[in-house]
Every structure is written in structure tokens, then in C-alpha cells.
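The values are calculated or read from the model by the stated rules, or taken from the named source; none is laboratory data. Note that this is a predicted model, so its numbers are computed, not measured. In this analysis, Cβ positions are derived from the backbone assuming ideal geometry, glycine residues included, and neighbour counts consider all displayed protein chains. To get the accessible areas, we keep the full protein, side chains included, count just its heavy atoms, and leave off ligands, DNA and RNA. Shrake-Rupley method; radii C 1.70, N 1.55, O 1.52, S 1.80 Å.
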Amino acid sequence: MLIETIFKRLYKPLCLYAMHYLSGNIDEAEDVVQDCFVKM
């Protein structure tokens with residue numbers, strides 16, 4: 001499945017990117033990234 005492949009490939013880099021905007025909070029960054037993928 002295409003979205004699964006994209007998720008696996010981009011999840012970690014997107015979490016690291018989101019952490020910069022969330023004061024280094026990995027839990028919130030993961031939630032943001034997961035929410036975006038769920039909406040897709």
C-alpha cells in the first residue's frame with residue numbers, strides 16, 4: 001500500500017522536523033505526524 005510505504009519512510013524525519021516547532025517534545029511531535037497521516 002502506497003501510504004504505508006510513505007509513512008514508514010517519512011515518519012522519523014517528520015517527527016524530528018516537528019520537534020523543532022514543539023520545543024523538543026517528541027510525544028507531541030509524534031502525535032502531530034500521526035494525525036496528519038490519519039487525515040490523509
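Things worth noting here:
- Checking each residue in the range 1-34 for being over 8 Å from the mean Cα position of the chain (by Cα) and charged (D, E, K, R) picks out GLU4, LYS8, ARG9, ASP27, GLU28.
- For first residues located in the range 1-20 and more than 14 Å from ASP35 (Cα to Cα) and open to solvent by less than 90 Å² (accessible area, probe 1.4 Å), partners that are of a type outside the set (Lys, Arg) and assigned to a helix (DSSP H, G or I) and lie 6+ apart or on another chain with Cβ distances below 8 Å form the pairs LEU16/ALA29; MET19/ILE26; MET19/ALA29.
- Verdict on VAL32 being open to solvent by 70 Å² or more (accessible area, probe 1.4 Å) and among the β-branched types (Val, Ile, Thr): no
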